[in-house]
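Data block below; observations after.
The values are calculated or read from the model by the stated rules, or taken from the named source; none is laboratory data. Not measured: the values here are computed from a predicted model. For neighbour counting, all protein chains shown are included, and Cβ atoms are generated from backbone atoms with ideal geometry for every residue, glycine included. The accessibility values were calculated without ligands, DNA or RNA, using every heavy atom of the protein model including side chains. Shrake-Rupley method; radii C 1.70, N 1.55, O 1.52, S 1.80 Å.
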Amino acid sequence: MDPTTLLASLFNYVLPMLPAKYAAAVSVIGSFAVSTCALVAFFWPRPAAGSKLLPLYDVINKLGLNGRHASNADDTAAKTTPKT
């Protein structure tokens with residue numbers, strides 16, 4: 001199943017159970033977390049392989065949606081592209 005479809009169905013299931021003020025707070029906090037992680041990912045170069053900070057870097061990149069078109073997407077692509 002596509003992650004976007006799964007997330008949309010989860011929201012459609014959970015949001016009717018939440019009061020509007022809590023749903024608004026969750027969306028604001030979520031937006032803030034994604035924006036903060038995107039900002040950190042923009043300035044933080046990829047740590048060396050084997051570094052203790054590499055798992056944290058990966059989490060921040062995933063949460064900050066730092067993917068294909070990001071300015072440092074080559075850092076992420078270097079991890080997934082096999083060297084020839």
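So if I check each of 78, 73, which one is out of contact with any helix residue (DSSP H, G or I) (no Cβ under 6 Å at 6 or more places or on another chain), at pLDDT below 85, among the hydrophobic types (A, V, I, L, M, F, W, C) and surrounded by 13 or more Cβ atoms within 10 Å (Cβ to Cβ)?
73
Just give me the residues in segment 17-48 being open to solvent by 100 Å² or more (accessible area, probe 1.4 Å) and without any contact (Cβ under 8 Å) to a residue 12 or more places away in the chain, in sequence order.
17, 21, 22, 29, 32, 43, listed by residue number.
If you go through segment 1-40 one residue at a time, how many are closer than 21 Å to residue 61 by Cα and not in a helix (DSSP H, G or I)?
1
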